[in-house]
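The values are calculated or read from the model by the stated rules, or taken from the named source; none is laboratory data. Just so it is clear, the structure is predicted and the values come from calculations on it, not from any experiment. Ideal geometry is used to build each Cβ from the backbone, glycine not excepted, and the neighbour counts take in all protein chains shown. Heavy atoms of the whole protein, side chains included, go into the accessibility calculation; ligands, DNA and RNA do not. Shrake-Rupley method; radii C 1.70, N 1.55, O 1.52, S 1.80 Å.
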Amino acid sequence: MSGADALAVLGHELERAGWSVRLLPGPVLRVFSPAVPILGETVTLEEGAVPGRWWYRSSTGRLLGADAVTAAARVGDLLGPLVAGALARRSPEREMSVAELRRRFPGVPCWWGAHTRQWWALTAAPPRLVCAATVDGLARALADVRPTAAKDA
């Protein structure tokens, strides 16, 4: 099976799970939620020990598996929390959404650490890596580092 064929099989599994996919040159598969197309994952291939057998690899370097069903489930595990956070609505019972965090701190890259199970951000001035267990906690930590950005929001 060619690399493009292997990615097409994975793409089919991901579409069955509700994800949108786009096969790009390389071959590379871009995976995203139709509800939040700005968030996504890029899957590439790595040839296994047996010619024609492939391993799926995430953009973070994580091996997703050698079969499309396992790889599709792991992509869902990576993207699920990000999409859920981006779609969250603010209420007294619910924490800030990722979209609100990005509006409050424009230009500050923020992400969910799949391995650390924490929210992370990198500030430019002063340069600092910040983490917290929740999006609200990350917003508070960023406000401590960048008090002027928090006042502007």
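Longest exposed-loop-site-free stretch of the chain, with trypsin sites (Lys or Arg not before Pro), DSSP loop and at most 10 other Cβ within 10 Å? Could the numbers behind the result be given before it?
On the way: sites that count: Arg89, Arg117.
Longest stretch, sites excluded: 1-88.
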Next on the checklist: If I fit a long axis through the Cα atoms of helix 3-16 and take the longest principal axis of the Cα atoms of the chain, what angle between them do I get, 0 to 90°, rounded to 10?
Outcome noted: 60 degrees
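Using only the heavy atoms of the protein chains and a 1.4 Å probe, how would Met96, Met1 rank by accessible area, largest first?
On the way: Met96 20, Met1 130 Å².
I get Met1, Met96, largest accessible area first.
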Next on the checklist: Just checking my list [x] 17.8, 58; [y] 21.5, 60; [z] 19.5, 58 against Rg and Dmax of the Cα atoms in Å computed from this structure; which label fits?
Outcome noted: [x]
Item to check | Solvent exposure, largest accessible area first (probe 1.4 Å, DNA, RNA and ligands not counted), of Asp77, Asp136 | outcome: Asp77, Asp136
Checklist entry - By how many degrees, between 0 and 90 and to the nearest 10, does the Cα long axis of helix 135-145 differ from the longest principal axis of the chain? => result 50 degrees
Checklist outcome for this item: Which of Ala84, Ala124, Ala141 fluctuates most in a GNM of the chain (C-alpha springs under 10 Å)? That residue is Ala124
Next on the checklist: Could you tell me the relative contact order of the chain? Use alpha-carbon pairs under 8 Å, at least six residues apart, and round to a whole percent.
Outcome noted: 12 percent
Checklist entry - Once the Cα atoms of helix 68-87 and of the chain are each reduced to a long axis, what angle between those two axes, in degrees from 0 to 90 to the nearest 10, is obtained? => result 20 degrees
Checklist outcome for this item: Filtering GluC sites (Glu not before Pro) in segment 25-125 by DSSP loop and by at most 14 other Cβ atoms within 10 Å leaves Glu93
Checklist entry - When the C-alpha atoms of segment 1-82 are aligned to their principal axes, what extent does each axis show, in angstrom, from largest down? => result 37, 20, 20
